[in-house]
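Following: one structure in structure tokens, then a few remarks.
The values are calculated or read from the model by the stated rules, or taken from the named source; none is laboratory data. The model shown is predicted, which means the values in this text are computed figures rather than measured ones. Cβ sites come from the backbone with ideal geometry, for glycine too, and all protein chains shown count toward neighbours. Accessible surface areas use protein heavy atoms only, side chains included; no ligands, DNA or RNA. Shrake-Rupley method; radii C 1.70, N 1.55, O 1.52, S 1.80 Å.
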Amino acid sequence: MTERIVLAYSGGLDTSVAIGWIGEATGAEVIAVAVDVGQGGESLETIRQRALGCGAVEAYVADASDEFANEYCVPTLKANALYQGHYPLVSAISRPVIVKHLVKAAREFGATTVAHGCTGKGNDQVRFEVGIQTLGPDLKCIAPVRDLALTRDKAIAFAEEKGLPIETTKKNPYSIDQNVWGRAVETGYLEDIWNAPTKDIYDYTAAPEFPPAPDEVTISFEAGVPVAIDGVKVTPLQAIRELNRRAGAQGVGRIDVVEDRLVGIKSREIYEAPGAMALITAHKHLEDITIEREQARFKATVGQRWAELVYDGQWFSPLKRSLDAFIEDTQKYVSGDIRMVLHGGQAIVNGRRSETSLYDFDLATYDTGDTFDQSMARGFIELWGMSAKVASGRDIRVAGK
Ligand code: ARG
């Protein structure tokens, strides 16, 4: 029987050419799998037909948009995960869900190998292959761009020679990856890290310099999950989409960073994640009133470690799973409403309320009705400073000798 290879298919030039390229190099049949993670753009049926037109023996589209929002974006939100304090893991969280569907398709279509279009320099090859090793340890991996010398020029020549139904003339200088959680743009002119991004780079966000009138929004959460916007019930996917639209119109969530790739390279990336950044801001502010101080401080450390693991392709690892359990436990009381103003590139919280809040007005107030006994503070401070005071006494004693 002819060997079969499942290819992660985007519909773009590289993966379209990869279908025939892999076929010629290996003699295998190629099954193209496109996964909908809310990337928008062309219809998935158009993409499916193109795969068939490029020689795939089967083409399969997995609608994973709700699954991606519920099982990948929501955990990222609960963790307030920002890699290096900036990047909400847009591409990093899409790889594991794509892997899940690739492995499923490999089983269904009797494939022995999974292929992806990543280069040998990035994080995504690692995320794909570590994921495949974990979910389908018997499956082999192949990356035509990395392993079969499929360069851009060769791809264009191949598409023209074979008359593939794909545009080869439109020259996009950027490498773009997008889904409902956000959009990532790199390469070309952006590789000079002093160059400011030009207007044409952005798609999810309008220029924050010329914003429309301020937009006030109320986001309701239940146990860390967004459940309503302005009182209207929403699914996580709908919440992200709605905030992509509203926060995007105000230019919220533009990020320009040089980040540390897993492979040891520093690289510049422009992100747009209006919905993600508005949601993370709101969620963090709700945690500020609903999570106890020590748990909150520790959770910040856990969230940072979680972001690093996910960035580094360890989505399916035991440590990530253990951190998930911790984060989930912290979300029990993260319920309530956050009101925020979206304007001119910023999402600024201006009100919060929660039935499970730890904010105690009577303890906090400086007005009458204060229930806090200030006389307790003196003794507390005496003991709190005792250890350092004893040590400092020793310093003076030793220095005097
Ligand atoms: N640097 C990001 C990451 O490693 C995004 C990778 C894909 N970016 C792109 N523009 N194709 O998660």
(message) If each residue of separation counts as 0.36 nm, what is the full-extension length gain between residue 213 and residue 256 once their alpha-carbon separation is subtracted?
(response) 13.0 nm
(request) In whole angstrom, note down how far apart the Cα centers of region 176-214 and region 66-99 are. (result) 19 Å
(request) Assuming R0 = 25 Å, can you tell me the calculated FRET efficiency for the pair residue 200 and residue 86, based on Cβ-Cβ distance, to the nearest 0.05? (result) 0.65
(request) Over region 59-137, give the accessible area per residue in Å² for a 1.4 Å probe, as an integer. (result) 31 Å²
(request) Add +1 for every Lys or Arg and -1 for every Asp or Glu among the other residues with Cβ under 11 Å from the Cβ of residue 363, and state the total. (result) -4
(message) Given R₀ = 60 Å, what would the calculated FRET efficiency be for residue 193 paired with residue 365, taking r from the Cβ atoms and rounding to 0.05?
(response) 0.75
(message) Can you compute the charge dipole magnitude of region 216-330 about its Cα centre, using +1 on each Lys and Arg Cβ and -1 on each Asp and Glu Cβ, nothing else charged? Give it in debye, rounded to the nearest 20.
(response) 240 debye
(message) Among 181-187, 92-98, how do they line up by average Cβ neighbours within 10 Å per residue, starting with the highest?
(response) 92-98, 181-187
(request) Please work out whether region 266-401 counts as rounded, prolate or oblate from its C-alpha gyration tensor, where a ≥ b ≥ c are the square roots of the eigenvalues and a/c under 1.5 means rounded, while otherwise a/b larger than b/c means prolate and anything else oblate? (result) oblate
(request) Determine the calculated [θ] at 222 nm for the chain from helices alone, applying -39500 (n - 2.57) to every DSSP H run no shorter than 4 residues and normalising by the residue count; nearest 500 deg cm²/dmol. (result) -13000 deg cm²/dmol
(message) Around residue 29, under 13 Å between beta carbons, what's the net of Lys plus Arg minus Asp minus Glu among the other residues?
(response) -2
(request) Kindly report the accessible area of region 184-292 per residue (heavy atoms of protein chains, probe 1.4 Å, no ligands, DNA or RNA), in Å². (result) 45 Å²
(request) Would you calculate the separation in nanometres between label points at residue 375 and residue 326, each defined as 7 Å from the Cα along the Cα-to-beta-carbon direction? (result) 4.1 nm
(request) Averaging sequence separations of C-alpha pairs under 8 Å and six or more residues apart, then dividing by the length of the chain, give the relative contact order as a whole percent. (result) 17 percent
(message) Please report the spacing between the Cα centers of region 284-310 and region 1-15 in Å, no decimals.
(response) 40 Å
(request) Quick one: give the max-minus-min coordinate of the C-alpha atoms of region 318-359 along each principal axis, largest first, in Å. (result) 41, 28, 12
(message) Sort 302-310, 7-15, 129-137, 200-208 by the packing proxy (mean of other Cβ within 10 Å over each peptide's residues), most packed first.
(response) 7-15, 302-310, 129-137, 200-208
(request) Using only protein heavy atoms and a 1.4 Å probe, report how much of residue 284 is accessible, in Å² to the nearest 10. (result) 90 Å²
(message) Sort 277, 1, 340 by heavy-atom solvent-accessible area, probe 1.4 angstrom, most to least.
(response) 1, 277, 340
(message) Using a 7 Å offset from the Cα along the Cα-to-Cβ direction at both residue 161 and residue 389, what is the distance between the two label points in nm, to one decimal?
(response) 8.3 nm
(message) Students often get this wrong, so check it: of 100/121; 121/154; 78/266; 121/199; 171/266; 266/332, which have C-alpha atoms separated by over 29 Å?
(response) 266/332
(request) For residue 297 paired with residue 319, estimate the spin-label separation in nm (one decimal), with each label point 7 Å from Cα along the Cα-to-Cβ line. (result) 2.3 nm
(message) Limiting things to C-alpha atoms, what are the Rg and the maximum Cα-Cα separation (Dmax) for region 188-303, in angstroms?
(response) 16.9, 46
(message) Which of rounded, prolate or oblate describes the chain when judged by the alpha-carbon gyration tensor and an a/c cut-off of 1.5?
(response) prolate
(message) Give me the percent of accessible area attributable to carbon and sulfur for the chain, probe 1.4 angstrom.
(response) 54 percent
